[in-house]
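Inspection log for the structure reproduced underneath, given as structure tokens.
The values are calculated or read from the model by the stated rules, or taken from the named source; none is laboratory data. Remember, predicted model here, so these are calculated numbers, not experimental data. Positions of Cβ are backbone-derived with ideal geometry, glycine not excepted, and every protein chain shown enters the neighbour counts.
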Amino acid sequence: MALIEPGVGFVDIASGQLKGSTNRYVKTFRDLDGLYEDEAAFAAIVARRADDVAYEVTDYKPSANAGDMIIGVTRMEPGKVGNEYYLTRGHIHARPNRPEMYYGESGLGVMLLESPSGEIRTVEIGPRTMCYVPPYWIHRSVNVGPDPLVMTFAYPADSGQDYDIIAKAGGMKSRIVDDGKGGWKAIDNAAYRPRPQALVDAIMAMKD
């Protein structure tokens, strides 16, 4: 068996990128249609910033083999749609028993987590904060600060991503909004639809 060569990357906090990455993808504001509650406020942002980058990911992926891992950096723009803070699409891993780790480099964010059955957890992430996302949790990053949010992440290389689990439920059960006091709070998402118990059981039974 041929050994994979060691790799190295440099976290450039100013640009919010992993230098030495093997992959980069971006989401523009246009790409985030349907994620926010205030559709009129979102339309106004798209009219001005449709093709601007809302967030980007640069990562280093040696292979997709089980036992290998992906490391990378996420950079998110600051701002709000109405009173709802900028967010990522969010996902559960296609192999849901795979965990993930996030480490705050700069800015202030919230990791919004939801179990398949609808339990909610929130973890505030600032510089030098490490957030562990356990297996089976849906997760989404939210920038609740005035500056770009930059985080390093790592997860098993064979994890995959499933975005539809959020879309089919009408979004995540909670939204992260401005609390009117210079901070944030989680509120109920009125469009949320609980997942059928059969789907929840199927997800929780997946071992590979």
Quick check on my filter: what residues within the stretch 124-159 are assigned to a loop (DSSP other than H, G, I, E, B) and closer than 15 Å to Gly72 by Cβ? Ala157, Ser159
Identify, from the list Asp158, Asp68, Asp51, the residue that is in contact with a strand residue (DSSP E or B) (Cβ under 7 Å, 6 or more places away or on another chain) and among the acidic types (Asp, Glu). Asp51
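Conditions tested, residue by residue: (1) under 28 Å from Asp208 (Cβ atoms); (2) among the small types (Gly, Ala, Ser).
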position: Ala2; (1), (2): yes, yes
position: Gly9; (1), (2): no, yes
position: Asp51; (1), (2): no, no
position: Val57; (1), (2): yes, no
position: Tyr86; (1), (2): no, no
Which residue, of Val142, Val133, Val200, Val150, is without any contact (Cβ under 8 Å) to a residue 40 or more places away in the chain, out of contact with any helix residue (DSSP H, G or I) (no Cβ under 8 Å at 6 or more places or on another chain) and among the β-branched types (Val, Ile, Thr)? Val133
Tell me, please, whether a residue that is crowded, with 20+ Cβ neighbours inside 10 Å and more than 16 Å from the chain's Cα centre (by Cα) can be found in the stretch 127-150. no
Scanning for something part of a strand (DSSP E or B), farther than 28 Å from Val81 by Cβ and not charged (D, E, K, R), does the stretch 32-55 turn up at least one residue? no
Please specify each residue of the stretch 86-126 satisfying the condition of being surrounded by 20 or more Cβ atoms within 10 Å (Cβ to Cβ), over 11 Å from Met172 (Cβ atoms) and acidic (Asp, Glu). Glu100, Glu105
Can you tell me which residue is modelled with the lowest pLDDT among those in the stretch 1-31 that are more than 20 Å from Gly104 (Cα to Cα) and part of a loop (DSSP other than H, G, I, E, B)? Met1
Unmet criterion (only one of (1) modelled with pLDDT of 95 or more; (2) assigned to a loop (DSSP other than H, G, I, E, B); (3) at negative phi) for Pro62: (1)
Restricting to the stretch 191-208, name every residue that is part of a helix (DSSP H, G or I) and loosely packed, with under 10 Cβ neighbours inside 10 Å. Ala198, Ala205
Run Ala169 past the list (1) touching a Phe, Trp or Tyr at 6+ places or on another chain (Cβ under 8 Å); (2) without any contact (Cβ under 8 Å) to a residue 60 or more places away in the chain; (3) within 25 Å of Glu105 (Cβ to Cβ); (4) small (Gly, Ala, Ser) and report the number of the one that doesn't hold. (3)
Over the stretch 55-68, the set of residues surrounded by fewer than 17 Cβ atoms within 10 Å (Cβ to Cβ) and either of a type outside the set (Ser, Thr, Tyr) or under 19 Å from Gln17 (Cβ atoms) (or both) is Lys61, Pro62, Ala64, Asn65, Ala66, Gly67, Asp68
